[in-house]
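The values are calculated or read from the model by the stated rules, or taken from the named source; none is laboratory data. All values reported here derive from a predicted model rather than from experimental measurement. Every residue, glycine as well, gets a Cβ built from its backbone with ideal geometry; the counts of neighbours run over all protein chains shown.
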Amino acid sequence: MFQSILLPIHSTRADTHRTQTAINFSRNKISHLIILSVTESKSPSLHASQAINYALTIVKDLIIKDDGVCDVLYRQGKPEFVICKIAEELKVDLIVMGAKGVDLLQDSKSTISKVLQDASCPVLIVP
């Protein structure tokens, strides 16, 4: 169903759950998983690098079993804009993001709320 999935990650262990959910959700022949790290500063933090490496260790074996491809992208800018831009440029089928306690009805300025409004594809929110 969803062959190309964009998984924006941050420097938290909650990304592990989201990564696993993205893989399980697309278990039927995932062909392309794109892990995206977005930082607003000019240089990625050590925590962001650790989060990406941790996500990759989880993803690697599962992707290889399914003959899929996993790409890792590092970008700088406002996360909500970068996520939507990458999703549109790469024509992804789905964006998977974590809510982390955000009330989407109350917090219209959150990254997730903005991505939900501006994304050119469906967005799966994982609590």
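For region 69-119, the candidate set comprises residues that are in a loop (DSSP other than H, G, I, E, B) and of a type in the set (A, V, I, L, M); within that set, the residue that is farthest from LEU7 (Cα to Cα) is LEU105. Each residue in region 51-66 was checked for being under 17 Å from SER31 (Cβ atoms) and either among the hydroxyl-bearing types (Ser, Thr, Tyr) or at pLDDT 65 or above (or both), and 0 of them qualify.
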